[in-house]
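**Student:** Input: one structure, supplied below.
Where a number appears in this text, it was derived from the coordinates with a stated rule and is not lab data. Just so you know, these numbers come straight off a predicted model, no measurement behind them. Note: ideal-geometry Cβ built from the backbone for every residue, glycine included; neighbour counts use all protein chains shown.
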Amino acid sequence: MSLAEYHRKHDSSKALEPRGGIAKDGKPPRRFVVQKHAARRLHYDFRLEMNGVLKSWAVPKGPSLDPGVKRLAVQVEDHPLEYVDFEGVIPEGEYGAGTVLIWDRGTWVPEGDPVKAYEHGSLEFELKGERLHGRWALVRIGGRRNAKYWLLIKERDAEARPGSGDADVTQNQTSIATGRDIGMVEAARDHSWL
């Protein structure tokens with residue numbers, strides 16, 4: 001994917017979302033962000049900085065620190081790097097309309113070559129966020145025919161919480177950037193660039 005698909009879906013004259021451009025590949029540290037997105041359906045957008053864009057997946061139930069829980073992650077269009085700091089409201093009528101909250105962010109460290117791993121559909125990495133830590137994997141399911149379907153899986157390590165299920169998502173409802181909940185972000189309508 002490239003930013004062409006993002007630009008096709010987003011009208012920057014109507015929304016204060018970033019246009020972005022292709023930057024150099026993110027050298028360490030690479031950034032990641034998890035955004036809680038109250039759109040048509042509430043979901044979490046999981047984004048990893050790679051090849052000058054944010055590779056992006058919609059995770060309907062959000063991440064889990066329970067290694068026994070495999071979360072569906074549907075790959076969506078790449079997003080501009082500037083999106084890592086976006087918290088605000090995407091106006092009605094625009095693609096992705098709804099409220100976006102920064103649920104977690106930090107840096108990620110790939111195991112091996114992340115581009116090759118991504119292309120092969122098995123990306124292993126360590127997250128160093130405020131809420132998410134330790135080793136994780138994104139694994140494509142269904143072969144190349146269904147390339148947009150992946151699983152987000154917490155690896156068994158010291159950061160894992162077996163049996164925690166949805167607790168990580170349900171107990172953490174506020175933005176790590178502003179301390180606001182989704183209703184406060186929506187009410188403020190400030191499209192803040194933090």
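**Student:** If each residue's Cβ is checked for other Cβ atoms within 10 Å, how do Asp45, Asp66 rank with the fewest at the top?
**Tutor:** Asp66, Asp45
**Student:** Let me ask you something else. Long-range amide H contacts for Leu132: which residues qualify at under 5 Å (H placed 1.01 Å from N, peptide plane, sequence gap of 5 or more or a different chain)?
**Tutor:** none
**Student:** How far is the Cα center of segment 29-59 from the Cα center of segment 73-115, in Å?
**Tutor:** 3 Å
**Student:** Another one. Restricting to Cα atoms and excluding each atom paired with itself, what does the Kirkwood estimate give for segment 63-167 in Å?
**Tutor:** Evaluated over segment 63-167, this radius sits at 15.3 Å.
**Student:** Would you kindly give the portion of the calculated P(r) for segment 45-113 that falls above 14 Å, as a percent of all Cα pairs?
**Tutor:** Counting pairs separated by more than 14 Å, the tail of P(r) holds 68 percent.
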